[in-house]
Amino acid sequence: MTEEHRLVESVEVTDTGIHIIQLKSVLDASTVDEFEQVLGFLITQNNYKFIVDLSRIDFISSAGWGVFIGELKKIRTHQGDIKLVGMQPDVYDVFLLLELDTLIEAFETLDDALISFGVEPAETAQESAGAALEGGADAAGISEEQAEPTEAGEDIKPV
């Protein structure tokens, strides 16, 4: 996948273990696999607290919304959650229309999302060394091949 078509711009890990995933462009059928792979890999590594920054997302298709819904049960079973932050007005309107606000919390700012996890924003100011990674699937520590759609049951392993 070329750099300009990457959906996942970065993944940062706070010192409290919350993964902040920055997305860009659109989350639709052409990009949903990348997001599923990154989120799925992080979950297999026992990470269950996520904030997804949608401030640079212009559109989310039903397939995109399905990724969030599909992982909620597994994440919440492990006392985790997914919080959304910074939705553009058009994206937020669809979020409300689909009544996803009854399932997933959305916030205007990253600080508000962090507070909802019981973390004061000052506690997250210093990221773990090397936690901020740039660039799509690399952000989760997986290779391009691993970011491609996998067959059911195929494990994703770190590089």
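The values are calculated or read from the model by the stated rules, or taken from the named source; none is laboratory data. The structure presented is a predicted model; accordingly, all values stated were derived computationally and were not measured. Note that each Cβ is placed from the backbone with ideal geometry, even for glycine, and that neighbours are counted across all protein chains shown.
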Could you tell me how many of the residues in segment 7-50 are closer than 20 Å to Gln88 by Cβ and in contact with a Lys or Arg (Cβ under 6 Å, 6 or more places away or on another chain)? 2
Yes/no for Thr31 being over 20 Å from Leu110 (Cα atoms), at pLDDT 95 or above, touching a Leu at 6+ places or on another chain (Cβ under 8 Å) and hydroxyl-bearing (Ser, Thr, Tyr): yes
Looking at Asp28, Asp53, which is the one that is in contact with a strand residue (DSSP E or B) (Cβ under 8 Å, 6 or more places away or on another chain), over 25 Å from Ile115 (Cα atoms) and not hydroxyl-bearing (Ser, Thr, Tyr)? Asp28
Residue that is among the charged types (D, E, K, R) and touching a His at 6+ places or on another chain (Cβ under 9 Å), where the choices are Lys49, Lys24: Lys49
